[in-house]
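The values are calculated or read from the model by the stated rules, or taken from the named source; none is laboratory data. Not measured: the values here are computed from a predicted model. Positions of Cβ are backbone-derived with ideal geometry, glycine not excepted, and every protein chain shown enters the neighbour counts.
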Amino acid sequence: MNTRKTHVIINPFSAGGKTRKRLNYILNLLENYCGKKYSVYITKKPFEATSSAQKAIVNGCELIISIGGDGTIQEIVNGFFFNGRLINPACQLGIINCGTGQGFAQSLNLPPTIKEQLEVIFDGLSHPVDIGRIAFSDENGETMERFFVNECQAGIGGDVVKKIMSHHKKLGGVIAFGIVTLSTAFRYPNQLMTIGIDGIYKVTNRFIGIMVSNGRYTGGGMNLTPSAKVNDSLLDVLLIHEQSFFQRLWNFPKIYSGSHIASRTFSYFQGKSISLNARETILVEADGELLGFLPCKIEVMPSALHIMLDFQIEE
């Protein structure tokens, strides 16, 4: 029996609109699991999930359930904060994965079905996990800040997300991200960027892209940062160096197994604070959502969020 004051936020447009088609099924399941102490908000436009979560937590909600993809989770997590501080550090997050990329759900090893995920939320245990904070530039050159849960990328990742959002979400995560990433990888230019990690490592070079990860998986199963853990107080950094057409073709299948990091055309680091800069206009995305442009600064926020899981996270 659910005893926590619960607020459920549903993005009906997630998974290319497939969530909307399953809405009655989802609402019936919620009634069975949530009892009487819950409310539901169905979003109609971007950023409503943030304001809905923030209002619910201010009003005493102890559990927020996200029903959508990584972008929906990101919006909701931003609602846990006000002026950069957690409104209620004890408030918990439950995740029902109905997204295109499904990266964070995979990184958390959540079970595949909605029913099983509800069982995790109401029968599992609360675990502290890290999140990331990114300061980036908007289209007017103003500095903006967002919290993210799984990953952020500069370079090719931003271009892939832009194309996914425009045309391919209805194909589903693995197919959509696979097709768009493969086609983009062959055409995306090697761009000059500067990266700094923890004020110790700094390099300027040509990269296809740079990825900063909290979780292990992204983009429909791509294992780009295989050593990443959501509770190690570190961010994993993948540098995708300048590559020829044939190197890109050779390396692409390896990003699903994680074996790409053995190649000299990739570099792998871990750190707590990462800065990225470029003279060129380079897109930045986080959790499958376009944010803005470089320059940006990314920091880990250790154990900032409590998520319901059914297993002990590996230390």
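Computed quantities for the displayed model
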item: Selected residue (criterion: modelled with the highest pLDDT) from residues of the stretch 255-266 that are over 17 Å from residue 207 (Cα atoms) and surrounded by 16 or more Cβ atoms within 10 Å (Cβ to Cβ); result: 258
item: Residues of the stretch 130-147 satisfying the condition of being more than 13 Å from residue 297 (Cβ to Cβ) and in contact with a Lys or Arg (Cβ under 9 Å, 6 or more places away or on another chain); result: 130, 147
item: Single unsatisfied condition, residue 235 versus (1) modelled with pLDDT under 95; (2) closer than 30 Å to residue 98 by Cα; result: (1)
item: Subset of the stretch 16-59 (residues that are of a type in the set (A, V, I, L, M) and within 16 Å of residue 119 (Cα to Cα)); result: 26, 27, 29, 30
item: Any pair with Cβ under 6 angstrom, 6 or more apart, that starts in the stretch 132-157 at a residue that is in contact (Cβ under 8 Å) with a residue 24 or more places away in the chain and ends at one that is basic (Lys, Arg); result: 134/146; 135/297; 147/133
item: Residue 4 being of a type in the set (Lys, Arg) and free of Cβ contacts under 8 Å to residues at least 24 places away in the same chain; result: no
item: Set 310, 232: member being within 27 Å of residue 14 (Cα to Cα), among the acidic types (Asp, Glu) and crowded, with 16+ Cβ neighbours inside 10 Å; result: 310
item: Any hit, the stretch 298-310, residues being assigned by TED's automatic domain parsing to the domain that holds residue 227, closer than 20 Å to residue 190 by Cα, at pLDDT 95 or above and not acidic (Asp, Glu); result: no
item: Residue satisfying condition, being outside any strand (DSSP E or B) and not charged (D, E, K, R), within set 76, 67; result: 76
item: Residue match in the stretch 109-118 (condition: out of contact with any Leu (no Cβ under 7 Å at 6 or more places or on another chain), assigned to a strand (DSSP E or B) and modelled with pLDDT of 90 or more); result: no
item: Those residues of the stretch 80-104 which are crowded, with 24+ Cβ neighbours inside 10 Å and without any contact (Cβ under 8 Å) to a residue 40 or more places away in the chain, in sequence order; result: 97
item: Options 141, 132; residue that is among the small types (Gly, Ala, Ser) and out of contact with any Phe, Trp or Tyr (no Cβ under 8 Å at 6 or more places or on another chain); result: 141
item: Which numbered condition residue 197 misses (of (1) buried (at least 23 other Cβ atoms within 10 Å of the Cβ); (2) modelled with pLDDT of 95 or more; (3) not polar (S, T, N, Q)); result: (1)
item: Selection count, the stretch 239-254, where residues are surrounded by fewer than 13 Cβ atoms within 10 Å (Cβ to Cβ) and either among the β-branched types (Val, Ile, Thr) or touching a residue at least 12 places away in the same chain (Cβ under 8 Å) (or both); result: 1
item: Residue 19 touching a strand residue (DSSP E or B) at 6+ places or on another chain (Cβ under 9 Å), under 20 Å from residue 291 (Cβ atoms) and either touching a residue at least 24 places away in the same chain (Cβ under 8 Å) or of a type in the set (D, E, K, R) (or both); result: no
item: Matching option when the condition is assigned by TED's automatic domain parsing to the domain that holds residue 24 and at pLDDT below 95, among 103, 158; result: 103
item: Test: residue in the stretch 121-131 that is polar (S, T, N, Q), assigned by TED's automatic domain parsing to the domain that holds residue 74 and either out of contact with any helix residue (DSSP H, G or I) (no Cβ under 7 Å at 6 or more places or on another chain) or surrounded by 14 or more Cβ atoms within 10 Å (Cβ to Cβ) (or both); result: yes
